[in-house]
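Here the structure is laid out as structure tokens; the discussion comes afterwards.
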Amino acid sequence: MTTRPYHHGHLRTTLLAEAEGILREDGAEKLSLRELARRAGVSHAAPRHHFPDRQSLLDALAETGFLRLGDEVCGAIGDAAPDFEAQLRAAATAYVRFAVRESALLDLMFARKSGGKQTGLTESFIRLSTTVGDLIRKGQQAGRLPPADPERLRLLLVATLQGIAALIISGRAPANQTDALITDAITLFTGDHCQQ
């Protein structure tokens with residue numbers, strides 16, 4: 001391989017895109033800075049200008065994942081009708097579709113991280129959590145969700161959506177049942193029993 005000197009104007013973006021490809025194809029355990037440099041066609045030292053070690057690369061990938069998922073969920077809510085159920089269904093569908101499409105990335109996003117400061121990762125996660133939390137509070141104000149702790153409801157919703165995605169990814173539920181499972185989950189969350 002002929003390496004190029006470090007002068008790539010968008011190297012960080014290129015490296016993250018290549019890293020996502022490796023993650024998707026081979027899993028996180030195969031992801032190394034050396035392999036990343038080889039795939040990007042740069043010197044072995046070039047990735048270290050942006051990612052001092054493998055963990056910082058994994059953190060950056062997780063941050064990018066949370067930002068993309070947040071964008072998709074926000075976009076789905078914005079494109080939905082203004083009523084709560086339509087927005088909840090749109091957000092849930094966007095979440096599950098992302099989780100199925102980017103299963104390795106989602107696993108990385110929710111994997112426990114070793115110590116260290118992860119400001120960007122924390123901020124991107126908080127942004128997504130806030131979007132879903134705001135939707136939960138909107139449902140509570142509309143009387144469509146119980147007046148329970150909104151944080152617990154947010155966690156329950158995310159767990160439900162990730163569970164649906166896990167069933168689809170593993171083949172334990174057919175992919176053609178995705179929309180029906182999401183609809184059933186939304187019905188359980190917003191059913192008449194929630195309004196008592």
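Need pairs with beta-carbon distance below 6 Å; first residue free of Cβ contacts under 8 Å to residues at least 24 places away in the same chain and within the range 162-176, second surrounded by 11 or more Cβ atoms within 10 Å (Cβ to Cβ) and assigned to a helix (DSSP H, G or I); sequence gap 6+ or separate chains.
Correct list of pairs: ALA173/LEU167.
Checking the conditions here, which among PRO174, PRO146 is open to solvent by less than 70 Å² (accessible area, probe 1.4 Å), of a type outside the set (Asp, Glu), farther than 20 Å from PRO82 by Cβ and touching a His at 6+ places or on another chain (Cβ under 9 Å)?
PRO146
Run down LEU161, LEU135 and say which single residue is at pLDDT 95 or above and within 19 Å of GLY78 (Cα to Cα). Explain how you work it out, then say what you get.
Numbers: LEU161 fails: within 19 Å of GLY78 (Cα to Cα).
None of the other options fit; the residue is LEU135.
With (1) modelled with pLDDT of 95 or more; (2) farther than 17 Å from ALA165 by Cα; (3) acidic (Asp, Glu) as the list, and GLU72 as the residue in question, which single condition is left unmet?
(2)
Grab the helices (runs of 4 or more DSSP H) fully contained in the range 33-135, keeping just those with 1 or more residues being open to solvent by 60 Å² or more (accessible area, probe 1.4 Å), in contact with a Cys (Cβ under 7 Å, 6 or more places away or on another chain) and within 18 Å of LEU155 (Cα to Cα).
Details: elements: 33-40, 54-79, 84-101, 103-110.
So the answer is none; nothing clears 1.
For the range 15-29, how many residues meet the condition of being open to solvent by 70 Å² or more (accessible area, probe 1.4 Å) and touching a helix residue (DSSP H, G or I) at 6+ places or on another chain (Cβ under 6 Å)?
Of the residues in the range 15-29, 1 are open to solvent by 70 Å² or more (accessible area, probe 1.4 Å) and touching a helix residue (DSSP H, G or I) at 6+ places or on another chain (Cβ under 6 Å).
Residue check, GLY120 against (1) of a type outside the set (Phe, Trp, Tyr); (2) at pLDDT 95 or above; (3) within 25 Å of ARG34 (Cβ to Cβ), all met but one. Which one?
(2)
Could you give every pair whose Cβ atoms fall below 6 Å, whose first residue belongs to the range 143-160 and is farther than 20 Å from PHE66 by Cβ, and whose second residue is of a type in the set (Phe, Trp, Tyr), counting only separations of at least 6 or pairs across chains?
ARG144/PHE84
Taking the range 42-80 as the region of interest, how many residues are within 12 Å of the chain's Cα centre (by Cα) and β-branched (Val, Ile, Thr)?
Of the residues in that region, 2 qualify.
The values are calculated or read from the model by the stated rules, or taken from the named source; none is laboratory data. Every value quoted in this text rests on a predicted model; they were computed, and no experiment measured them. Quick reminder, even Gly has a Cβ in these numbers, built from the backbone with ideal geometry, and neighbours come from all protein chains shown. Protein only, heavy atoms only, side chains kept; ligands, DNA and RNA dropped before computing areas. Shrake-Rupley method; radii C 1.70, N 1.55, O 1.52, S 1.80 Å.
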